[in-house]
Amino acid sequence: MTSIEIRKAFLDFFKSKQHQIVDSAPMIVKNDPTLMFTNAGMNQFKDIFLGNTPAEYKRVADSQKCLRVSGKHNDLEEVGHDTYHHTMFEMLGNWSFGDYFKKEAITWAWEFLTQVMKIDKNNLYVTVFGGDAADKTGKDMEAYNYWKEFIAEDRILFGNKKDNFWEMGESGPCGPCSEIHVDIRSDQEKAKSSGKDWVNKDHPQVIEIWNLVFMQFNRMANGQLVELPNKHVDTGMGFERLCMVLQGKQSNYDTDVFQPLIQALAKLSHRVYGQDPKADIAMRVIADHLRAVSFSIADGQLPSNNKAGYVIRRILRRAVRYGYTFLDLKEAFMYRLFPVLVEQMGEQFKELRAQQELIGKVIEEEENSFLHTLENGIRLLSNLMDKAKEQGNTQIVGSDVFTLYDTYGFPFDLTDLILREHGMNADISGFEKEMIAQKARSRNAATISSDDWVILQKGNESQFIGYDALEADVEILRYRKVNTKGKILYQLVFNQTPFYAESGGQLGDKGFIVSEEGEKFSILDTKKENNLIVHWVSNLPSELTGTFRALVNIDMRSQLESNHTATHLLHHALRAILGPHVEQKGSLVNEFSLRFDFSHFQKVSDEQIREIELLVNQYIRRNIPLQEFRNLPIDQARNMGATALFSEKYGDHVRVIKFSNSVEFCGGTHASATGNLGVFKIINESAVAAGIRRIEAVSGVGAEAYLTNAVDTLKEIRDILKTGPNILQGIKKMVGDYGNLKKEIDQHIKERVEQLQESLRKEKTTRNGIPIIHVYKGYPQEIVKNLAFAFRKEMPDGIFFVAGVVGEKASINLMLGDELVKKGFNASTIIKEAAKIIEGSGGGQAFYASCSGSDLQKIKNAVQYIYEQLNIADVNE
Ligand code: SER
């Protein structure tokens, strides 16, 4: 069976068991501070497990794109070195939300593997949770007894908490699990030892393929387990591993999922896969990482310098480094492999094909910039090696190695490798010490911790009523304390709320709540977390029960709405004017302005900017009323031509916002008619990354303020120039006059310099054999500089030195002839120190530097200091 057939067989099987087949969620997680990337199929259903959201379907199955590169589930370092770990992989899963439980989950898993996929049951083993004293959980005998129906008892093994109790992260839904392991060793190997002895022992041919989790608990932030309101099933089967088993391969990388990539890479690097273990590892790393990076970009996460973006950047760099070191690929190569991935997976994952050009460009640019980093690092390292050798050392100190790694992004293992090639080594313990210190620093900078929720009342939570109402009576259902970087704040969840929680780029509402007693509390921000609408306050009400009047800050909301609607109109105009390739890649809507990032491959010209503005302003003048469709079946929304985003997860029912031809999937709040925007103005256009542009713009009150400001500035200019209404003419005249004056002044300076040079030449003396012209008088800087350059030519072995008062400042200039510089004298270093003496600052180059300072009395001391530095203090020939 091909991998495509295998995926289909799984989904068809669960469809036949009344499961709804759903799409994979994007790999980049939103609205969950505990998670950056989707690390399991169950992530998109976490709200349901927690009881925050009712399930749309009781039974669901899918194939989910997962990425295990951070946090609790991180397989990055294993990838490539073995044959069955991946950063990105597909997880086939079936779910029950409060519907079937252990019996059906076990029965169907067995049926699918042994009857549909026809895996020999003599190659299968299962594990069952053996209980944990600390958690006060017992052996899962219920699962054991169901398994007994299908498989001999000596093939059922009890496992510990590490292997048989599944948790998504440090907190959240969790439960005991049963894993199915498969033994694909040769008959010969099987005869030597039982597969049973190899279960969970990291054997590459006795591996787990399916994990059936019985979700029963929620792990609290304080470590305790609390029973979930309902019992659920969460299963996850590694798709690539299943393909390996069914295609009779010994490695995931030998299946049709990876081979096309590996073969293309082998060709590109003029090698054969399977001949050199080191090159093979590199090929596996690259094939794996290319998938991870490409799908992340497709799902909206560009490589960048922080958080999720940085993780993606590091994955890409790891691949480039393996190619560079082990496959001799010294030029960008991943972007050349990328079309193979699109060819292979573009059909199943439309987001890949639709954004092929963008993804390829981003990868290429990232590769080139990292290759540049590598070259830079190699140069720096060879300087360090030279320096160490000069001092008779063979070791590079830890702090230097760390700077290379941390400041210059040069990978440590490459440093280590290069040093060893030169018979040298790195001070590893010094390096590690620096690493630990740096980790502690970044931990402190990012600490956000929250207590467990305190539930005041059970009931329907977080009903959003803010599309229709800006104030309402609300009750607090739960609250908790949060420590964000040392600041204590509180979060409140209401039964219903008019406050919009930040999402889709639109910032959360602010406002306040008032208690029945008239106590008023500011709502500082509103955010979404696992489908709860969370309101941030700095103090808790003294009485938490009862009704509060919640009032949204209307001015801010109306500006947010204006800018959000402007964003839709801009998006529409961009597609109309630049073309349908424009995809939204990021959006920020605040009360002052809007920022919109989109895929486009060259600068947007001034003319195009004008056309875009014109089109948006036409929409505004037509005063098109908002058409809002809540709860529209997704197919109907698509048929309307509504624009959806690859980075968003949509349910079966969506909200659509329509202003004439601008039709988008959107949950945000909007102006009731486009006329409310008043006017729209683009204030900046720039590049964000390869193939991604950014437009910043204003509308409504923000646009008014911007335009008023611009006109006021023009008025001021006119007043200064006193030109009357025609400012441009005035400026042109001024620029012309300035040019003429500049010419005259330059001529004047030239003549003055020549005169001065002539007369100063006569003052030349010699100190300690060095010709010196020392002027105790201040001249304007421009003149001194010209003199210095003139004397530099005339006295390559001499000094030209001016110290005096210019205006109200002490001013010192020092020119050292080139021969003195060659001897190691440095005017800049000397002047920097002299500047301190006169309470000032300065600098320059080795042959010429200047400074000025406020202490006129100390000029003499500074002069003395400079003479000493030049070894001419005590001589006067
Ligand atoms: N959540 C479990 C896992 O990721 C089963 O889907 O292994």
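Here region 739-805 and region 502-576 have alpha carbon centers that stand 67 Å from each other. Taking the alpha carbon gyration tensor of region 716-826, multiplying each eigenvalue by 5 and rooting it gives semi-axes of 40, 14, 13 Å, largest first.
Size estimate for region 1-124 follows the Kirkwood approach: the inverse of mean 1/r over distinct Cα pairs works out to 16.0 Å.
Once the chain from Glu104 to Gln602 is taken as fully extended at 0.36 nm per residue, the excess over their C-alpha distance is 173.7 nm. Working from the Cα coordinates of region 364-458, the gyration tensor eigenvalues give, after taking √(5λ), semi-axes of 39, 18, 9 Å in decreasing order.
In a fully extended conformation the segment linking Glu808 and Asn631 would gain 56.3 nm over its present Cα-Cα distance, using 0.36 nm per residue. The smallest convex shape that holds all Cα atoms of region 312-356, its convex hull, gives 83 Å³ per residue.
Taking 0.36 nm per residue of separation and subtracting the current Cα-Cα distance, fully stretching the chain between Asn160 and Asp413 would add 87.6 nm. Using a cut-off of under 20 Å, list every residue of region 87-129 whose amide N is near the label point 7 Å from the Cα of Ala191 along the Cα-to-beta-carbon line. The answer is 122-124. Between Val482, Val213, Gly131, the Cα set farthest toward the positive side of the dipole of the chain (charges on each charged residue's Cβ, about the Cα centre) is that of Val482.
For the chain, just list the percent of Cα-Cα distances falling in each 10 Å bin from zero outward, please. With 10 Å bins starting at 0, P(r) equals 2, 10, 15, 17, 18, 15, 10, 7, 4, 2, 0, 0. Sorting the segments 348-355, 715-722, 496-503 by their mean number of nearby beta carbons within 10 angstrom, highest to lowest, gives 496-503, 348-355, 715-722. Each Lys and Arg adds +1 at its Cβ and each Asp and Glu adds -1 at its Cβ; summed about the Cα centre, the chain shows a dipole of about 1240 debye.
With coordinates expressed along the principal axes, the C-alpha atoms belonging to region 249-377 extend over 40, 37, 22 Å, beginning with the largest.
Here region 472-590 is treated with +1 on each Lys and Arg Cβ and -1 on each Asp and Glu Cβ, and its dipole about the Cα centre works out to around 500 debye. Among the GluC sites (Glu not before Pro) in region 571-623, none sits in a DSSP loop with a Cβ that has at most 16 other Cβ atoms within 10 Å. May I ask you to list the GluC sites (Glu not before Pro) in region 507-557 that are in a DSSP loop and have at most 14 other Cβ atoms within 10 Å of their Cβ? Passing sites in region 507-557 are Glu516, Glu517, Glu519, Glu543. Extending 7 Å from the Cα toward the beta-carbon at both Lys433 and Thr2 defines two label points whose distance is 5.9 nm. Shown is the FRET efficiency for Ala673 and Lys30, computed with R0 = 35 Å from the Cβ-Cβ distance and rounded to the nearest 0.05: 0.70. With the biggest extent put first, the Cα atoms of region 550-632 measure 47, 29, 25 Å across the principal axes. Whole-Hz Karplus values for region 663-678 come out as 10, 9, 5, 6, x, x, 9, 9, 4, 6, 7, 5, x, 4, 6, x Hz, taken residue by residue from phi with 6.51 cos²θ - 1.76 cosθ + 1.60 and θ = phi - 60°; glycine and proline positions read x.
Note on His372: accessible area is roughly 120 Å² with a 1.4 Å probe, heavy atoms of protein only.
Amide H contacts of Leu507 (H built 1.01 Å from N, in plane; Pro and chain starts excluded): Val589 sit under 5 Å, all sequence-distant by 5 or more or on other chains. For region 445-531, the Kirkwood estimate of the hydrodynamic radius, built from every pair of different alpha carbons, is 14.0 Å.
Once the C-beta distance of Asp737 and Arg441 is scaled by a Förster radius of 56 Å, the resulting FRET efficiency is 0.50 to the nearest 0.05.
Each Lys and Arg adds +1 at its Cβ and each Asp and Glu adds -1 at its Cβ; summed about the Cα centre, region 604-704 shows a dipole of about 220 debye. The share of alpha-carbon pairs in region 593-661 lying farther apart than 14 Å comes to 72%. Percent of C-alpha pairs per 10 Å bin in region 682-745, short distances first: 18, 26, 26, 22, 8.
Extending 7 Å from Cα along the Cβ direction at Thr373 and again at Ile21 yields two label points whose distance is 4.1 nm. Placing R0 at 51 angstrom, the Cβ-Cβ distance between Met141 and Arg610 gives a FRET efficiency of 0.10 after rounding to 0.05. Could you point to the residue in Val679, Gly691, Gly724 farthest towards the positive end of region 672-734's charge dipole, with +1 and -1 charges on the Cβ of Lys/Arg and Asp/Glu respectively? Comparing the listed Cα positions along the dipole, Gly724 ranks first. Backbone phi angles across region 580-585, fed through the Karplus curve with coefficients 6.51, -1.76 and 1.60 (θ = phi - 60°), yield HN-Hα couplings of x, 6, 5, 10, 5, 10 Hz in residue order; Gly and Pro are listed as x. Within the accessible surface of region 416-506, defined with a 1.4 Å probe on protein heavy atoms only, the carbon and sulfur portion equals 47 percent. Using every pair of distinct Cα positions in region 433-588, the Kirkwood expression returns a hydrodynamic radius of 17.7 angstrom. Its Cα gyration tensor gives region 187-273 an equivalent ellipsoid; the semi-axes, largest first and in whole Å, are 36, 21, 12. Taking the 1.4 Å solvent-accessible surface of region 1-103 as the whole, the part contributed by carbon and sulfur is 50%. Taking the convex hull of the alpha carbon positions in region 95-211 and averaging its projected area over all directions gives 8.2 nm². Taking label positions 7 Å along the Cα-Cβ direction at both Asp256 and Ile465, the computed distance is 5.6 nm, reported to one decimal. Surface exposure of the chain, expressed per residue as accessible area with a 1.4 Å probe, stands at 47 Å².
State the answer as a single residue: which of Ser811, Ile837, Ile859 lies farthest towards the positive end of the charge dipole of region 762-877, with beta carbon charges of +1 for Lys and Arg and -1 for Asp and Glu, about the Cα centre. My answer, from the dipole projection, is Ser811.
The values are calculated or read from the model by the stated rules, or taken from the named source; none is laboratory data. The model shown is predicted, which means the values in this text are computed figures rather than measured ones. No Cβ is skipped: glycine too gets one built from the backbone with ideal geometry, and neighbour counts run over all protein chains shown. The area values use the complete protein model at the heavy-atom level, side chains included, leaving out ligands, DNA and RNA. Shrake-Rupley method; radii C 1.70, N 1.55, O 1.52, S 1.80 Å.
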